[in-house]
Structure formats: C-alpha cells, structure tokens
1. Could you tell me how many degrees, from 0 to 90 and to the nearest 10, lie between the Cα long axis of helix 154-164 and the main elongation axis, the longest principal axis, of the Cα atoms of the chain?
2. For the pair residue 18 and residue 240, what calculated FRET efficiency results from E = 1/(1 + (r/R0)^6), where r is the Cβ-Cβ distance and R0 = 51 Å, to the nearest 0.05?
3. When the helix-only estimate is applied to the chain (DSSP H runs of n ≥ 4, each -39,500 (n - 2.57), divided by the residue count), what is the mean residue ellipticity at 222 nm, nearest 500 deg cm²/dmol?
4. Rounded to the nearest 0.05, what FRET efficiency do residue 226 and residue 623 have when you use their Cβ-Cβ distance and R0 = 56 Å?
5. Compare the peptides 449-462, 400-413, 241-254 by average per-residue count of other Cβ atoms within 10 angstrom and give them in order, highest first.
6. Go ahead and run the numbers for FRET between residue 602 and residue 549, Cβ-Cβ distance against an R0 of 30 Å, rounding to 0.05.
7. Once you put a point 7 Å from the Cα of residue 144 and another 7 Å from the Cα of residue 5, both along the Cβ direction, what distance in nm separates them?
8. What is the list of residues in the stretch 593-611 whose amide nitrogen lies under 20 Å from a point 7 angstrom out from the Cα of residue 658, following Cα to Cβ?
C-alpha cells in the first residue's frame, strides 16, 4: 500500500533540533514519540553537562501560546498570481512578493527556504501606542483545547484566550506577536546568516531580551546600530525627544563575518597614488605599527631587521625614539616584498601617509633581538634614514562599520525617494531610505544571496536590492512579505485615493503600495539603464484559506465515507494545492514545475517529484510514466505523489504495487505517496 500523508493540514516549521535528538538519542523517546527528559539526563554525567535550575530569563503572559503559534500548522494555501507571473519580465524572475499574514507565509517558506536566506531585515510595529499596533488572533481554541496544547491550568488558559482576543498593545501582546515570527525566521537563515531589526525606545529593551534569551542567544548578538532619523519625535513635556532609531543585529551562529563599507571622504582621498599599471589607485601605509600596542614588547615576533635599498638594516623605531614593531611578521613581509608592495622613502620626503589601526595579527618566531629592551637599548644603533611603506590598493580596502550611522540620510530622504517614484504623492509615513538598506546588505551579503523582509511596508528593501544589483551587476534576490492591511481612508486619504483611483483597486491595502513601488523602481532602472539585463521582475503569491471542511485524518480514512467533497474544487484550487505542496517539498516558489504529458494525462514534475492531481488517471497513464522513466534521461522521479481524493482506493493500491514491482532500467527506487 502507498504511504499516506496528511500534508495540506499539517504544514509546519521543521524541528531540526528534535530530529537530531531522534537520530542520536532514539532510546529517549517513548512509543508515542514523546521525549523523556529524565532518561536523557540519566545518559549524561554531571561532568559533561550542568543542568542548572537557576537562570536569567524572560517570561510574559502568552509565552506558551506564542510557542504554540510557532509550531502550529499553517491554516492557508499558497496561490500564484498567474497573470502577473506570466509577464515576460517576471516569468524567470527569482524575486518574490507574497501577500498574506507573515506568520503564515513564514511557515510555508520553512522547508523550501530552510537555511537559504543570508540576510533578514524587518521594520516591525514599534508599539509606540500611536502606530496602530494591537494584537489580534483569529485562531479559535476552547479553554480545554488550549490546556491540552500548551500544558497550563484552566485559569491560565482562560487568561491567555481573553488576552489574545482583547486587541491589546501591551509588552506581552507585542512579544506574543513577535516571538513565533522570529523563531521561524531564524530557521530560514543560513549558518552564516544575519538578521537586522529596526526598533525604537518603546520596545528595544524588550526585543533584546527576547532575542538574547529565547531566539538567537547572547553569544550571537553583534551590536546595535544607531541610525539618525533626521527628525525628532516624542517631544512631550516629560519625555526626551528621539532623533534616532535602533537596529539590532544578530547572527545565526558565530560563522557570520561582518564586511567593511566602501571608503569615502578623507579616507578615500588618501588613495592618490597610481603606477599606471592597471592595478588602480593606492595609498601608502607605514610598515611600522602605529597607534595602540606599537612597542616591541607588545609583539616581540614583529621586531626584526629588513634590508633597505642601500643594503643597510632597518628596524621599526617609534617617533620619540623607542623600539617599536612592524605591523606584520616575517612571512607576511616577504609576501609583500615578492608582490612588489613595499615602497621605500627616505626620512624627510614629503608623503601623505595612510594610517590604519588594524593589526595584521600574524604570529612569528621570537628573533635574536628579544633580549634588547627599551630600558637597555642604545637607540642610535637602530635608527636609519629609510622608512618602509606598504601599498594598499583602493580595490582591496574597506572601512569597518561602527554602531553610529550619522552619514546615512534620514527618513526625509526615504520620503523623497518614494515621492519621486509616485509623482510627488506622499503615500507612506517615514519609509526607510534605500541607502540604509544598501549598507546593511553591503556589510552582510555576497553577490548572489537571498534577502528577506517580512514586514515589507513600502518596499524599500526590494528597491535597494534592485539598484545595488544594477550598480555591481550582482544577482541578489529578494523575498518580500506584506499583509493586505486596509488603508484608512480618513487617516491616509492620498494613499487610499491613489490605490483606488490610479491603480483601480476597489479595496485599497498597503500590499498594493508595496507592489506598485517595486514595479516603479524596476521601471525607473529600465528607463535609466536601457542596456541592463539583470533580473528586474518578481513573482507574486498570496495566502488563501484552506477549503472549508478540509479536515481529513489519514488514520480515519475510509473510502465509503465522504469526509470532503473534492468535486467542488476548481482548477484554480488544484493549482494552489500544487504550489503549496511543492513548497513544502523543498521546491522554491520561483521554480516552475514542468507539465508532463502522460498519454493524455497532464502531471507536474520537478526536483525528482511527480505530482498527479487530476482525476481519470488510468493504467495506460501509469504505463506512460514507466516508459518515460526508462527512455527520458531528464525524467527521474524518486517520488510519485497522488491527490488521494481523485483516486479510488483500489486504484491507489494497484498503482503503488505496480510502481514498486516495476524494475526500471535506471534502478530508481520510487516512493508512491497518497496525499490529502
């Protein structure tokens, strides 16, 4: 018999930690699959691990409920916008814009994009009290159901349910909202991935505690960027006004490597040398270490003689006549010498020096001069008229980023950028400037990485990615998620009228603004860079509710029962089912499945999976499948997945048996799966 899967109603975030426990400690699970903690502890000695009973933590009303939301199955399907996606500029695009509740979308992305995203940037609700944030939840649990699901007593279960339906904007409400989204987001990050989260004083302390204690861990905290907004808010009699917001940075693991930013201003002007050899401009950096820890005793291995052009020996001597050290060891110096990067100057020559506090941090053996110290030295024996420098080419140099960003234009620049795209219409309050996103991308991403923003807002992240790709011909991809939040006609009259009248959308939402901006940003590039051939398109998907009464339980299935009327499903419904299934099967949303003709029956194939969704699959169609496996080199399905409601139970058994018994020429082991 084929394997049965209740996938559609059971799409959830993969728990890789639990899988690791099952693999390494299978004896610590009971017959029902429950993990037995005490048995696990008994396998470890106190010397191996200390199970502390006291620790610093974070607790709030709704925490257990938030954890439930992170692991609870999705309640939606994914549907493609076929009209938009089939346009030439979008058909082969790897960029995505997804409409829906970002918690639902993240659950759908959790398999196909598991550990695929290099950078996440989000600008979530700040919970200022005036930004309109209130926690709302449409999940319906009884007190008894919630008790069983999260293991609390009836009183606490009732308090949690009252709280989740109260439209609260308390710290607890905000944490309950953020936790499941951040928990899933972490699963999407690559091992060397990073997340940036913009926030202001209202929740910055709460957010840091959440990230430190519940999501990423203190050891993966990389800093808080202070960004000048260019405006001052909160100017009340009893409060200090704020002219900045914060951006918290956490890496998934210690493998993350922060990159530098391009030089500019004074730093850039120092690169004024050019040998006209095709290598470009360079600056000269003293070979002698300057600044902190520049004395011989700081790094004995970096005090050694080198030979000057006249054959004399030169030592590193500080400006006030003390024994200093080189900034590199012997091996690295020899490499500089072999590559022609050492430049000699005589003392007194006019040269604009480029200094750098970075230490090459290269260890070297202790030289024969280790007994010479600044206390017993006759410095005149070590002084020379020569001074060595190292060429540092502009193409190789960046500047380490600090945590204070005052050189990035503030929110006014973001507003101006948006107005320029929309004929001077002000459609969005305080959008982030693209330069801010560009810098975040610069310090964290390579040229083909995926960048995710699941609070997309006006679409600044997509705008930044598209323009950066034009500048450096890179192939970064974006995934944007935006809920179709209704636009208030009274509070945002200009935006409402633009979406309704200019875009012709009857019920205006923020998503419509996001979509329009990405299209306009791409069109602007097309008009200004006519020869650019990079990806300026994007595919659109949206979440839709799972069909009413779709409540199949595999263990209860009986072909004589009618649990769900599949006859009411349209072709559009089946396409949504296919998109949902393939994404859950680790196939990216941007990858189109191939339509395969199996003797008049259309199936869908991709990533070694063959999907049979329609009715009237016959023995002749199965024969066509098996023949194609033997004759088509590009057709190698390891799984055949059939929509159970469109097959008779008898047919499913026969299909499964025939697939298993057939000795295909490629010797592929094929699973036949019935899915509901």
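None of the figures in this text is laboratory data; all of them are computed from the coordinates on show. Since we're looking at a predicted model, the values are computed, not measured. Cβ: placed from backbone, ideal geometry, glycine included. Neighbour counts: every protein chain shown.
1. Rounded to the nearest ten degrees, it is 70.
2. That pair, residue 240 with residue 18, gives E of 0.65.
3. The helix-only estimate for the chain comes to -8500 deg cm²/dmol at 222 nm.
4. 0.25
5. Order by mean packing, descending: 449-462, 241-254, 400-413.
6. Once rounded, the FRET efficiency stands at 0.65.
7. About 3.4 nm, to one decimal.
8. Residues 596-605, 609-611 fall inside that zone.
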